[in-house]
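Heads up, the thing below is written out as structure tokens.
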Amino acid sequence: MGRKTLETLTESMFYVLMALLRQARCGTEIAEYISAVTQSRVRLGPGTLYTILAKFEEVGLIRETAVEGRKRTYALTDAGLERYEEELVRLRSCLADAEEERRAMDYETEDGAQTVPG
């Protein structure tokens with residue numbers, strides 16, 4: 001069974017949507033925002049960024065709001081905000097699962113026997 005388009009966002013895709021939450025931005029502003037928010041952990045080159053922007057525009061998650069020469073500005077659509085919120089729920093679920101597994105590990109000995117927390 002195939003996944004529907006953009007069912008799971010990549011980290012870069014997630015941050016592109018985040019960059020557009022509060023204001024419209026051009027590609028350079030989006031890349032700078034992401035670099036700042038992630039303390040340069042996530043860096044988007046122009047090829048990756050504009051591929052993501054084109055895909056998001058194609059499926060209606062963002063819309064172009066202005067064109068000044070080569071500078072294009074994008075804004076989040078209602079569908080984009082909804083997709084961002086869905087991804088937040090998915091990521092929070094992943095984190096909750098990871099925390100639960102980590103807690104379970106804390107109660108196991110090396111041979112897998114359960115110990116009682118002290």
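The values are calculated or read from the model by the stated rules, or taken from the named source; none is laboratory data. Being a predicted model, the structure only gives us computed values, none of them experimental. So basically every Cβ, Gly included, is an ideal-geometry build from the backbone, and we count neighbours across all protein chains shown. Side chains are part of the model used for accessible areas, which takes the heavy atoms of the whole protein and leaves out ligands, DNA and RNA. Shrake-Rupley method; radii C 1.70, N 1.55, O 1.52, S 1.80 Å.
Per the listing A96, A66, A54, the residue uniquely out of contact with any helix residue (DSSP H, G or I) (no Cβ under 9 Å at 6 or more places or on another chain) and in a strand (DSSP E or B) is A66.
Each residue in the range 19-42 was checked for being surrounded by fewer than 19 Cβ atoms within 10 Å (Cβ to Cβ) and touching a residue at least 60 places away in the same chain (Cβ under 8 Å), and 1 of them qualify. Among the residues examined, E86 qualifies as assigned to a helix (DSSP H, G or I), open to solvent by 70 Å² or more (accessible area, probe 1.4 Å) and closer than 13 Å to F14 by Cβ.
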